[in-house]
Amino acid sequence: MNPFLRLLNELETPVCRRWSRAHQRPWLLHPFALISRLGNGVFWYSLMAILPIVDGIDGLKAALHMLLTSGVALVLYKSLKGYTRRVRPCHYAADIAASVPPLDRFSFPSGHTLHAVNYSTIALFYYPKLGWLLIPFTLLVAASRVVLGLHYPSDVLVASAIGLALAYSSLLLVA
């Protein structure tokens, strides 16, 4: 393992231990597992399907914008995961349990978070009044990844920065 990642893992593992104790509290685990599942695409694809129905051509424009940037986000996310090959907290420390099965082997960056920040930023550009829904949901998706034992805090923070940069870059192209 890369020495920098090993050091980062050692620094962040205590935080992951504390946050991932949710599996001991079903009343906390189940909502985070549901949010994570919704953040895996169900919520976002539903939003993209609803926007054109509710707002016609403007909704279609917003949905297509979100969909196109998701392709770029997917390439970035998969490339970074393959390059860094950072081991998930649940695979790094025996006392951190994955409360839900991981979608892939590596943790950096959090794809759920990257996509959530990207989608939310673009949707909020077109529909700022959705902030009451999208901002808390995006924050909960990001937190869920650490709570469920699947990501380190830095995976989520860097994914947020990448998602934000991607969304703003794409907005510069269309605005």
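Cβ-Cβ below 7 Å, separation at least six or inter-chain, first residue in region 21-47 and touching a residue at least 12 places away in the same chain (Cβ under 8 Å) and closer than 18 Å to Cys90 by Cβ, second open to solvent by 70 Å² or more (accessible area, probe 1.4 Å) and of a type outside the set (A, V, I, L, M): which pairs? Cβ pairs passing all conditions: Leu29/His23.
The residue that is modelled with the lowest pLDDT, among those in region 80-99 that are on the phi < 0 side of the Ramachandran plot and open to solvent by 70 Å² or more (accessible area, probe 1.4 Å), is Ala94.
In this structure, Arg21 does not satisfy being touching an Asp or Glu at 6+ places or on another chain (Cβ under 7 Å), open to solvent by 30 Å² or more (accessible area, probe 1.4 Å) and part of a helix (DSSP H, G or I).
Which residues, counting only those in region 147-175, are assigned to a loop (DSSP other than H, G, I, E, B) and open to solvent by 40 Å² or more (accessible area, probe 1.4 Å)?
The one that is assigned to a loop (DSSP other than H, G, I, E, B) and open to solvent by 40 Å² or more (accessible area, probe 1.4 Å): Ala175.
Here Leu38 meets the list (1) closer than 26 Å to Ala98 by Cβ; (2) over 20 Å from the mean Cα position of the chain (by Cα) almost entirely, failing just condition (2).
The number of residues in region 101-123 that are aliphatic (A, V, I, L, M) and surrounded by fewer than 18 Cβ atoms within 10 Å (Cβ to Cβ) comes to 1. Of all residues in region 133-174, how many are farther than 22 Å from Leu67 by Cα and aliphatic (A, V, I, L, M)? Of the residues in region 133-174, 6 are farther than 22 Å from Leu67 by Cα and aliphatic (A, V, I, L, M). Filtering region 132-146 to residues that are open to solvent by 10 Å² or more (accessible area, probe 1.4 Å) and at pLDDT 95 or above leaves Trp132, Leu133, Ile135, Pro136, Phe137, Thr138, Leu139, Leu140, Ala142.
The values are calculated or read from the model by the stated rules, or taken from the named source; none is laboratory data. The shown structure was predicted, so the numbers you read here are calculated from the model rather than taken from an experiment. No Cβ is skipped: glycine too gets one built from the backbone with ideal geometry, and neighbour counts run over all protein chains shown. Side chains are part of the model used for accessible areas, which takes the heavy atoms of the whole protein and leaves out ligands, DNA and RNA. Shrake-Rupley method; radii C 1.70, N 1.55, O 1.52, S 1.80 Å.
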